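Beneath this line is the structure, given in structure tokens, with notes to follow.
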Ligand code: UT7
């Protein structure tokens with residue numbers, strides 16, 4: 001290989017482009033969660049729509065979910081989870097120079113939820129703060145994206161958040177969706193490390209399947225006109241059966257590729273930490289990977305599907321429960337509307 005091709009220049013910069021040898025390892029420094037206090041049980045839902053605790057539990061594994069307090073927005077949950085993650089990492093807000101929030105329920109169209117968190121936490125104005133929309137894969141996509149900044153040295157420490165309040169997007173008269181979702185947030189601080197951390201990442205997207213799960217209204221195509229609101233265009237529409245099949249297929253496939261990329265087998269993984277949408281999906285993914293179910297972290301029973309918050313909250317809870325200790329490997333998995341999916345092998 002010629003000298004010219006190995007020492008490529010970054011466009012518009014005098015700096016040599018990073019190579020595989022100069023990229024830094026990206027370590028996991030701290031994790032945090034924010035779970036709203038208000039509990040909505042299956043029994044509560046029986047009073048709202050034509051459903052039953054038995055149907056919800058047997059079809060989804062969900063027993064209850066949490067609903068964000070009135071008068072608060074996603075940024076409040078995101079900020080609370082971030083405070084915990086910073087404390088866990090032993091890092092002060094001044095040391096953060098990237099805030100990246102995966103969310104599809106920002107407080108408002110703009111400013112970004114990341115900017116609101118930055119201000120709330122007193123993170124310096126030299127930090128770059130922005131949101132990323134990848135539905136239920138929001139955290140995993142954000143973690144992979146933020147890791148690139150840390151790996152190249154463009155940023156030192158990054159605060160990565162998955163936060164959503166899908167209670168604001170469900171039609172509380174539609175039993176096929178309103179029983180599935182809950183609100184919450186999780187956060188993770190990453191920074192340069194000597195070893196361990198993020199060992200591999202495999203992401204995928206298929207916009208041709210975007211009709212399977214979407215919120216058509218409220219954006220630029222179908223704005224919030226009275227007609228669009230009356231026809232419930234601003235609520236979640238989902239083809240559950242097709243999403244189920246696609247979720248299992250793509251999470252299994254991405255997980256296998258992420259293991260191959262990191263040079264591990266499923267036996268090396270202490271805990272599978274998947275997006276929590278449906279217990280049956282988790283069981284099918286475990287089966288597809290040949291992983292015993294007891295090594296899959298599950299909290300869907302307590303929170304339902306928290307969208308972008310789901311994987312990071314499960315990860316933080318697995319660590320808190322002592323399921324993942326220093327040196328243990330976790331396999332993070334996500335799948336969501338887009339369709340978008342991702343898998344990451346991480347060493348604590
Ligand atoms: O985060 C990523 C996005 N989301 C997902 O990953 C969700 C993926 N999909 C699923 O989890 C499942 O497909 C669901 C839980 C959404 C649905 O389970 P299913 O076993 O695929 O049920 P189904 O949609 O085939 O519905 C079966 C029946 C239907 O009645 P009929 O047509 O057989 O008479 C539904 O109307 O269950 C009925 N049903 C309900 N009954 C009571 C649907 N929702 C409810 C409900 N309570 N809440």
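Values as computed for the structure displayed
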read-out: Fluctuation leader among 61, 90, 182 - the chain, Gaussian network, Cα springs under 10 angstrom; value: 90
read-out: Percent of Cα-Cα distances greater than 31 Å, calculated over the chain; value: 31
read-out: FRET efficiency, 1/(1 + (r/R0)^6) with R0 22 Å, evaluated for residue 232 and residue 48 via beta carbons; value: 0.90
read-out: Helix 279-289 vs. the chain, principal-axis angle (Cα, 0 to 90°, nearest 10); value: 40
read-out: Alpha-carbon spread of segment 161-206, three principal axes, descending order, Å; value: 52, 25, 13
read-out: Distance from segment 132-152 to segment 173-211 (C-alpha centre basis), Å; value: 9
read-out: GNM flexibility winner over the chain from 118, 276, 148 (Cα, springs under 10 Å); value: 148
read-out: Whole-number D in µm²/s for segment 225-348 (Stokes-Einstein; Kirkwood sum over Cα pairs; 20 °C, 1.002 mPa s); value: 141
read-out: Whole-angstrom gap from segment 230-252 to segment 279-348, using each part's C-alpha centre; value: 19
read-out: Angle between the chain longest axis and helix 240-262 axis [Cα atoms, degrees, rounded to 10]; value: 20
read-out: GNM top mover of 304, 204, 337 - the chain, alpha-carbon springs below 10 Å; value: 204
read-out: Tilt relative to the chain, helix 309-320 - C-alpha long axis, 0 to 90 degrees, to 10; value: 70
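Just so you know, all these numbers are worked out from the coordinates, no wet-lab data involved. Because the structure is a prediction, the values reported are computed rather than measured. FYI the Cβ positions are ideal-geometry reconstructions off the backbone, even for glycines, and counts take in every protein chain you see.
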